[in-house]
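Student: Mind having a look at this structure? Questions to follow.
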Amino acid sequence: MKNWKINSWRKYPVKHIPEYPDKKKLEEALNKIKSFPPLVFAGENRHLKSQLADVVDGKAFLLQGGDCAESFVEFHPDNIRDTFKLMLQMSLVLTYSASLPVVKLGRIAGQFSKPRSTPTEIKDGVELPSYLGDNINGIEFTKKSRLPDPIRLLKAYSQSASTLNLIRAFSHGGFADLKKVHTWNLGFIKNSPELKRFKELEDRIADSLAFMDACGINSDFNRRLKTVNFWTSHEALLLPFEEAMTRVDSTTGEYHDTSAHFVWIGDRTRQLDGGHVEFCRGIENPIGIKCGPTIKADELINLCNKINPTNQKGKLTLISRFGFDNVSKYLPKLIRAIKKEGLNVVWSCDPCHGNTIKLASGYKTRPFNSILKEVKNVFECHQSEGTYAGGLHIELTGQNVTECTGGAQKITDSDLSSRYHTHCDPRLNANQALELAFLISDEIKKNSTYSKNNIRAAS
Ligand code: PEP
Ligand code: CO
């Protein structure tokens, strides 16, 4: 890696990184973090990269989901459990109905910092700095709370560590055992069409397991039936923190950002000559790049070459997010450019960030129909270009929130206020997320770029 250092990003312009009023306190917090244990291990990042290489080859599907912004107040074991359950349910829908192994990647255990569209917010004539995520400042609309406070970094690290600890326990401690599929249901999903479909799926799985058991194959003997790999990810936005979490892997001498298995570069910080790209080009983690309407094909090619100069499979995931009615205008050009250059990428679809609207009531929401349409349009586009729509990136929660309108529960604009808890963008609730998983499994079944012959078992 030429001319790259763990801190070389500091020589480049950066957007969306706050000025801390107390530099000394920031230094002290970062020094502490440098001495803390890594949250993930380099070998895990390599394992995830190999799973993503399978996605590039059309042999697996990537499901990436979780909060827009994790928060200190929503930190609770039940919330972690419910997000985990929902991701397992969605994965099962995709694995079973579409015969595809699913790479499970949470927006969790470190997804705190947010780029905001305006640096300040005005309420009742008072102007204050915008909320930037719980690891930077507080959401309360007071001058004190909106000041960036480095102590929050330590609290966020600790929350991420315990979140990941519980996820690891769930993944390997028996909770994810296929025999327990009926316990993954979220209590509040009642009498919905998705629940009915999911229950039918559970029954079919129970039959298959009984058959396999009779043949002597069961979860007592086969680890794959009772454990899952559940990886973590967040936007690599707050570079001082990411730098402090970056360590040399003693087995290879490579640099890994040990704050998560996978990090992505946001749509607002993907400047070719900016600090975020500079930082990400030096770390070995798999990297995502958000691609919104302003990205040009040649810019994307340069970004890919800079971050993945050896064209390693599984290293890069391109996450398109255009808005449902913009897909056909922007996506085919990018697909053709990537194809022409022969670049290995996972094509993932974020149907959330291009479909956010602000209502007169002040609520930010996403109509579920727009989300479904973006997914359908993206699948259609890949189908006609002959490329593989390999992933979904969504903001969701296992909680019964009312943040996105529509779906089988028919949430209306006026329902939003009843359970609107997000600290940033509106998330799909469990019903809506399951409905989306079923839609994708239907799309996959229709799509000729998915070849069952390619599929190998999930690990
Ligand atoms: C996000 O994923 O929360 C986000 C801010 O997305 P984007 O960079 O695509 O706007
Ligand atoms: Co968001």
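The values are calculated or read from the model by the stated rules, or taken from the named source; none is laboratory data. Everything numeric in this text was worked out from a predicted model, so none of it was measured. Cβ sites come from the backbone with ideal geometry, for glycine too, and all protein chains shown count toward neighbours.
Student: Which of the residues spanning region 104-131 are in a strand (DSSP E or B) and either of a type outside the set (S, T, N, Q) or closer than 21 Å to Ile33 by Cβ (or both)? Explain how you work it out, then say what you get.
Tutor: Kept after step one, since they are in a strand (DSSP E or B), are these residues of region 104-131: 104-108, 120-123, 126-129.
Once the filter is applied, which keeps residues that are in a strand (DSSP E or B) and either of a type outside the set (S, T, N, Q) or closer than 21 Å to Ile33 by Cβ (or both), region 104-131 yields Lys104, Leu105, Gly106, Arg107, Ile108, Glu121, Ile122, Lys123, Val126, Glu127, Leu128, Pro129.
Student: Starting from region 355-376, keep only residues that are farther than 9 Å from Cys404 by Cβ and hydroxyl-bearing (Ser, Thr, Tyr), then list their pairs with residues that are in a strand (DSSP E or B) and at pLDDT 95 or above whose Cβ atoms are within a distance under 6 Å, requiring at least 6 positions of separation or different chains.
Tutor: Thr356/Lys364
Student: Further question on the same structure: Give the residue that is farthest from the chain's Cα centre (by Cα), with candidates limited to residues of region 326-383 that are polar (S, T, N, Q) and either closer than 21 Å to Asn311 by Cα or assigned to a loop (DSSP other than H, G, I, E, B) (or both). Full working, then the answer.
Tutor: Step one: list which residues in region 326-383 are polar (S, T, N, Q), which gives 326, 328, 344, 348, 355-356, 361, 365, 369-370, 377, 383.
With the extra rule that they be either closer than 21 Å to Asn311 by Cα or assigned to a loop (DSSP other than H, G, I, E, B) (or both), the set shrinks to 344, 348, 355-356, 361.
Values: Asn344: 20, Ser348: 10, Asn355: 17, Thr356: 17, Ser361: 29 Å.
For region 326-383, the residue satisfying everything is Ser361.
Student: Next question, about the same structure. Based on this model, can you work out whether Asp273 counts as in a loop (DSSP other than H, G, I, E, B), crowded, with 19+ Cβ neighbours inside 10 Å and either within 16 Å of ligand 1 (Cβ to nearest atom) or on the phi < 0 side of the Ramachandran plot (or both)?
Tutor: Numbers: in a loop (DSSP other than H, G, I, E, B): yes; crowded, with 19+ Cβ neighbours inside 10 Å: no; either within 16 Å of ligand 1 (Cβ to nearest atom) or on the phi < 0 side of the Ramachandran plot (or both): yes.
So Asp273 does not fit the description; no.
Student: Of the conditions (1) surrounded by 22 or more Cβ atoms within 10 Å (Cβ to Cβ); (2) within 16 Å of ligand 1 (Cβ to nearest atom), His261 clears all except one; give me its number.
Tutor: All conditions are met except number (2).
Student: For residues that are of a type in the set (Val, Ile, Thr) and away from ligand 1 (no atom under 16 Å from the Cβ), scanning just region 364-411, find the one that is nearest to Phe61 (Cα to Cα). Break it down into steps so the answer makes sense when it comes.
Tutor: First pass over region 364-411, keeping only residues of a type in the set (Val, Ile, Thr): 365, 371, 375, 378, 387, 394, 397, 401-402, 405, 411.
Within this subset, residues satisfying the condition of being away from ligand 1 (no atom under 16 Å from the Cβ) are 387, 401-402, 405, 411.
Working: Thr387: 13, Val401: 27, Thr402: 28, Thr405: 27, Ile411: 29 Å.
By that ranking, first place goes to Thr387.
Student: Hey, another quick one. Pairs needed: first member in region 17-35, closer than 28 Å to Arg270 by Cβ and in contact (Cβ under 8 Å) with a residue 12 or more places away in the chain; second member anywhere, β-branched (Val, Ile, Thr) and surrounded by 14 or more Cβ atoms within 10 Å (Cβ to Cβ); C-beta distance under 6 Å; at least 6 residues apart or different chains.
Tutor: Hits for this filter: Pro18/Ile136.
Student: Given the options Asp82, Asp134, name the one that is assigned to a loop (DSSP other than H, G, I, E, B), of a type outside the set (A, V, I, L, M, F, W, C), buried (at least 18 other Cβ atoms within 10 Å of the Cβ) and at pLDDT 95 or above. Walk me through how you get there before you give the answer.
Tutor: Working: Asp82 fails: assigned to a loop (DSSP other than H, G, I, E, B).
The match here is Asp134.
Student: Another question, then. Only one residue in Ala176, Ala210 is at negative phi and outside any helix (DSSP H, G or I), so which one is that? Before the answer, list the steps.
Tutor: Values: Ala210 fails: outside any helix (DSSP H, G or I).
None of the others qualify; the one that does is Ala176.
Student: Scanning for something free of Cβ contacts under 8 Å to residues at least 40 places away in the same chain and more than 26 Å from Ala389 (Cβ to Cβ), does region 74-84 turn up at least one residue?
Tutor: Applying the first criterion (free of Cβ contacts under 8 Å to residues at least 40 places away in the same chain) to region 74-84 yields 76, 78.
Retained after the next criterion (residues that are more than 26 Å from Ala389 (Cβ to Cβ)): 76, 78.
Within region 74-84, one or more residues are free of Cβ contacts under 8 Å to residues at least 40 places away in the same chain and more than 26 Å from Ala389 (Cβ to Cβ).
Student: Still on this structure, please answer the following. What are the pairs, 6+ residues apart or on separate chains, where a residue within region 416-431 that is outside any helix (DSSP H, G or I) has its Cβ under 6 Å from a residue that is of a type in the set (A, V, I, L, M) and surrounded by fewer than 20 Cβ atoms within 10 Å (Cβ to Cβ)?
Tutor: Here the result reads His423/Ile139, each pair linking region 416-431 to a residue that is of a type in the set (A, V, I, L, M) and surrounded by fewer than 20 Cβ atoms within 10 Å (Cβ to Cβ).
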